[in-house]
Number of protein chains: 2
Amino acid sequence: MTLKLDKVNRGPHLSTLVASSISREIAHGRLNPGDQLPTEQALATTFGVSRNVVREAIARLRSEGRIWSQQGRGAFVANVANSPVLTIDHDALQQADAFKSLFELRGALEVKAAALAAERRTDADLEALKSALTAMNTAPYGSVAWLKADLEFHRAIVAATRNSYMEQFLIFVSERVRESILAAGDQQGSDDMASTTLGEHNRILDAITAGDANAAQEAMQLHLNGAARRVGLRIDDL
Amino acid sequence: MTLKLDKVNRGPHLSTLVASSISREIAHGRLNPGDQLPTEQALATTFGVSRNVVREAIARLRSEGRIWSQQGRGAFVANVANSPVLTIDHDALQQADAFKSLFELRGALEVKAAALAAERRTDADLEALKSALTAMNTAPYGSVAWLKADLEFHRAIVAATRNSYMEQFLIFVSERVRESILAAGDQQGSDDMASTTLGEHNRILDAITAGDANAAQEAMQLHLNGAARRVGLRIDDL
DNA sequence: AAATCACAGTTGTATGATAACATGGCAACA
DNA sequence: TGTTGCCATGTTATCATACAACTGTGATTT
């Protein structure tokens, strides 16, 4: 609990800074589950902010399940596993292997989603997939319209799984992946990439239409491998 | 924005109630992305609390990515998809198909984790897996020690993937699954179940030891199917 | 010895004040 | 006309203080 804050800092709210400082203490093991936090007053003085700000930070951490507090006693570090909330630290994602890990996680979900979609898709699902594909066909590679159609295609697949949690998680992870790619900057695509991407999508659609779970799974895996290559990842595993 | 709060409510913090009230407004579409929230003062008077409490609620919603605020202008409803936080509603999980969906999601992650573990496991990982298995062997079926060892076995597998996001997600989902099973109440196990469970675990360990990703994947899938049956789920798919 | 009470410490909430920032109106000026 | 600069107003961000509710402890009383 050594960090000091400058008033100069004009960016995130002070409560955000305090919250992430405490979060870091927990993550780094300097505060362990069950430990009692310093009093709000003590935190306020050590961070050089008002008790009010500390309370906003604590409210945030409490909502994330990282700590719990009881009136008259104090605040305590909670058991992380019990947290009903999942967060991803955007800063940590800048590192290459973190990105690769997240990409891998998305792959696991997306491959399974493709298989489930092949088994459960309705005609309406197929229509949605087809329209997304034609939209991607007409839009120039890398354009906003293209990206939106691409997202829509993958969203339609996971929607066809009839599994809302799968949908929620996959969209969540995909968003984080997309953010990282955009943050990393310039993607320049050739027409070559466009046609191979479209081909991969077509193969996925065919498999899902045929109701062939295995084929859908493999087609999706191929597509993800291709996407990884296009983003600059080297893929060693299946 | 019509809800009123009683002072009588002695339970969660007022800020929690305010936050979930606003959340509900957003979820029900009475507040749409881009809309401006009432001022903090107005919220304070309509909810009958101090502005301080409103600010703690807003801090929470902001950390969840549901709203964003700018000094001098106001607070606005954010685009939900951009939220860097994932939550699971515990109440919704009580429904059977919701539980099945979550179980399915866990399966997707766990199967992939087993495959990756087979490829990347170190000797230390194998040691951890073995000790978890022996611990499960000595503990009576269904006892706390047994459950802890079971959790430890699965945790060791995902740790062997060297993918921290996979670990984070899988532990998160597994915890929610475990909570639901415990909440559903009485599980009574026979010695029969114990031995089959142990056998399934053994097969997984063998495959991971051999470094055979495919075998690990299949063994894990079998184990999950078995677990589903033991919990009372009917499994139709592979 | 056990129950009760007083008290200090802590969190929960309320209130008022000030600083920082955004916006629109208005006057002065070119 | 149109542009600039200033000012008033409204909002969030933060600070400071006070009080209520609750907890734990130790002294006091029974």
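The values are calculated or read from the model by the stated rules, or taken from the named source; none is laboratory data. Just so it is clear, the model here is predicted, and its values are computed rather than measured. Heads up, the Cβs are rebuilt from the backbone with ideal geometry, glycines too, and the neighbour counts pull from every protein chain shown.
Just to be sure before I move on: is B:ARG155 within 14 Å of chain A (Cβ to nearest Cβ), out of contact with any Ser or Thr (no Cβ under 9 Å at 6 or more places or on another chain) and of a type in the set (Lys, Arg) in the structure I sent? So B:ARG155 does not fit the description; no. Residues in the range A:59-69 that are facing another protein chain (nearest Cβ under 9 Å) and crowded, with 24+ Cβ neighbours inside 10 Å: A:ALA59, A:ARG60, A:LEU61, A:SER63.
The rows are residues; the columns are (1) within 23 Å of B:SER50 (Cβ to Cβ); (2) in contact with a strand residue (DSSP E or B) (Cβ under 6 Å, 6 or more places away or on another chain); (3) hydrophobic (A, V, I, L, M, F, W, C); (4) at pLDDT below 75.
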{"position": "A:LYS4", "(1), (2), (3), (4)": "no, no, no, yes"}
{"position": "A:ASN9", "(1), (2), (3), (4)": "no, no, no, yes"}
{"position": "A:ARG30", "(1), (2), (3), (4)": "no, no, no, no"}
{"position": "A:GLY72", "(1), (2), (3), (4)": "yes, no, no, no"}
{"position": "A:ALA75", "(1), (2), (3), (4)": "yes, yes, yes, no"}
{"position": "A:ALA96", "(1), (2), (3), (4)": "no, no, yes, yes"}
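Checked against (1) more than 24 Å from B:THR134 (Cβ to Cβ); (2) acidic (Asp, Glu); (3) modelled with pLDDT of 90 or more, B:ASP237 meets all criteria but (3).
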